[in-house]
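The values are calculated or read from the model by the stated rules, or taken from the named source; none is laboratory data. Nothing here was measured: the structure is a model prediction, and the numbers come from that model. So basically every Cβ, Gly included, is an ideal-geometry build from the backbone, and we count neighbours across all protein chains shown. Accessible surface areas use protein heavy atoms only, side chains included; no ligands, DNA or RNA. Shrake-Rupley method; radii C 1.70, N 1.55, O 1.52, S 1.80 Å.
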Amino acid sequence: MSDSQFVSRCTADAMSNAATSLLAGNLVAFPTETVYGLGADASNPEAVAKIYRAKGRPADHPVIVHIGSMDGIGYWAEEIPAYAIDLARNFWPGPMTLVFQRSINAKDFITGGQPTVGLRVPDHVVALALLDSAKKIGVQGIAAPSANRFGHVSPTTADAVREELSEYLSADDMILDGGPSTVGVESTIIDCTTDTPHILRPGAITQEMIEEVTGLKVTDAQSEIRVSGSLENHYSPQATVVLNQAPKSGEGFIAMKDVATPDGVIRLSSPTSVEEYARTLYAALRHGDSQGLSTICVIPPSGDGLAIAIRDRLSRASRGR
Ligand code: TXA
Ligand code: MG
């Protein structure tokens, strides 16, 4: 089978096939605004096991359950604090995952054996249409980690998913092509199991935004909850990522546009804003790998907000695989 056989344009037929295929226990990779996800019916243990096999991911790492609207919270979670409702109302659909005490419907094979479950309503027409069609035929949620091999850079295009995973997919699995992800870094993960929200993974929904909407102080107290994205080596390309050093000839380089490219250096991205930095970062790292570069030098963006999420991913990427 050719690789491209997995990738489908998002026609009405493809979307309805994808929903049926999820219900049948197959994998469907789909676009979200953050990164592409590798989806399976979150109630089907065999289907979710296929995600772990395709990613090469350890079984004790929980996966996020994607739902079509906040009405789906009650099926998967319990003990929802008022501030979480405020967050969901304001930022869903959007790049935010909320972690709650799980209900009996969120089994160990989703939560990695933890007593909590992570939920997200993604802000992408294709993801929302898929969630809606799947729900109509009985799929209550779509479990989906980022559609990359464990520890690698998350994919922000359907082609990147194909390159990462096609050799690990089965003939019935599919990849929906919904264009490049517009945010480019993974969702903010917020622990909602305590009196005040804690950020477990920074993203486009920032501490300031959370504080403004909830009226609560978001402490950076270390949570007991394990987040695989918090593992030290993660988000890594093949190339060695070096931060805040001048690149040498033959090395790749990522920095804001106002930083000049030294002679002989291969410029991989020149964003003019922090948003563009996030949107182009993973594609730039992949581009460096596809050119066989051994080193990619990166000058991370300064400042708060989304820049914090970018620096978080880059510092992990720089620790290697
Ligand atoms: O933007 C995103 O969040 C993307 C798109 C596809 O939605 N998904 C994503 O999934 O980044 P993944 O599996 O690559 O990263 C999800 C992170 C993992 O680090 C996992 O440990 C954490 O979420 N997580 C999931 N459920 C959790 C839970 N119950 N408690 C704590 N962390 C959880
Ligand atoms: Mg991931």
For segment 269-321 versus segment 58-95, the gap between their alpha-carbon centres in whole angstrom: 28
Those lysines that a straight Cα-Cα span of less than 19 Å connects to K248, excepting residues fewer than 8 apart in one chain: K257
Estimated [θ] at 222 nm from DSSP helical runs (n ≥ 4, -39500 (n - 2.57)) normalised by residues in the chain, nearest 500: -9000 deg cm²/dmol
Hits among lysines - C-alpha to C-alpha of K50 under 18 Å, sequence gap 8 or more where chains match: K107
Per residue, in Å², the accessible surface of the chain once ligands and nucleic acids are set aside, probe 1.4 Å: 41
Accessible surface of segment 3-214, 1.4 Å probe, proportion on carbon and sulfur as whole %: 48
For the chain, built as a Gaussian network whose Cα springs stay under 10 Å, the top-fluctuating residue of I308, I137, I189: I137
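How charged is the neighbourhood of G141? Take every other residue with its Cβ under 13 Å from the Cβ of G141, and add Lys/Arg as +1 and Asp/Glu as -1. Could the numbers behind the result be given before it?
Numbers: positive: R102, K107, R120, K135; negative: D41, D71, D132.
Local charge sum for G141: +1.
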For P45, net neighbour charge (Lys/Arg +1, Asp/Glu -1) across residues whose Cβ lies under 11 Å away: -1
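Just the number, please: carbon plus sulfur as a percent of the accessible area of segment 240-317, 1.4 Å probe, no ligands or DNA/RNA counted.
Here it works out to 49 percent.
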Sequence-distant residues sharing a close amide H with R102 (under 5 Å, placed H): E78, T116, V117
